[in-house]
Amino acid sequence: MEARAILRYARISPRKVSIVMDLIRNKPLDEALAILQYTPKAACEPLLKLVKSAAANAENNFNMDKNNLYVAECYVCPGPTLKRMMPRAKGSGYRILKRTSHMTVVLKEKE
């Protein structure tokens, strides 16, 4: 039995998100929430919301015990990239890539 939450099209680079996801993988729920709350990274805010959503899904949809939950899986995939142009010298243009992410968090109950 597993509960999952998915966030699509988050306007943050997947590389930045994966650094934070490595901190919470295989951690108990309360410890993962504490790590996300006190880590000064941009990816922590959407990830905190996502983990809380997965916990609510586990509690309400699958009747899991909140105290026995842990982060079984968490991964990020690149979403579509927004391409923008920045004017540069001599009439040229410089391409700016605004990357997006699809984040998934899966919670399971300890045996």
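Here are some notes:
- Using Cβ point charges alone (K and R +1, D and E -1), the dipole size of the range 2-109 about the Cα centre works out to roughly 1180 debye.
- Max mean-square fluctuation residue, GNM over the chain, Cα-Cα springs under 10 Å, options ARG15, ARG25, ARG88: ARG88
- The chymotrypsin sites (Phe, Trp or Tyr not before Pro) of the range 8-111 include none that meets both conditions, a loop assignment by DSSP and at most 11 other Cβ atoms within 10 Å of the site Cβ.
- Choice from LYS90, LYS98, LYS41 showing the highest fluctuation, given a GNM over the chain with Cα pairs closer than 10 Å: LYS90
- The string of couplings for the range 74-91 from the Karplus curve (6.51, -1.76, 1.60, θ = phi - 60°) is 8, 8, 10, 10, x, x, x, 9, 7, 9, 10, 10, 10, x, 10, 5, 6, x Hz, one whole number per residue in order, with x for Gly and Pro.
- Computed from Cα positions, the angle between helix 14-24 and the longest principal axis of the chain comes to roughly 20 degrees.
- 22 Å Cα-Cα reach of LYS52 towards lysines, excluding residues that sit fewer than 8 places from it in its own chain: LYS16, LYS27, LYS41, LYS66, LYS108, LYS110
- Annotation: amide H of MET64 within the under-5 Å range of GLU59, sequence separation 5 or more or interchain, hydrogens built in the peptide plane.
- Comparing ALA56, ALA72, ALA34 in a Gaussian network model of the chain where C-alpha atoms under 10 Å apart are linked, the largest mean-square fluctuation is found at ALA34.
- Helix 44-62 and the longest principal axis of the C-alpha atoms of the chain enclose an angle of approximately 40°.
- Distance between the range 62-81 and the range 1-40 - C-alpha centres, whole angstrom: 8 Å
- Of the residues MET64, ALA32, LEU97, the one whose Cα sits farthest toward the positive end of the charge dipole of the chain, with +1 on the Cβ of Lys and Arg and -1 on the Cβ of Asp and Glu, is LEU97.
None of the figures in this text is laboratory data; all of them are computed from the coordinates on show. Quantities reported herein were computed from a predicted structural model and do not represent experimental measurements. Using ideal geometry, Cβ is built from the backbone for each residue, glycine included, and neighbour counts are taken over all protein chains shown.
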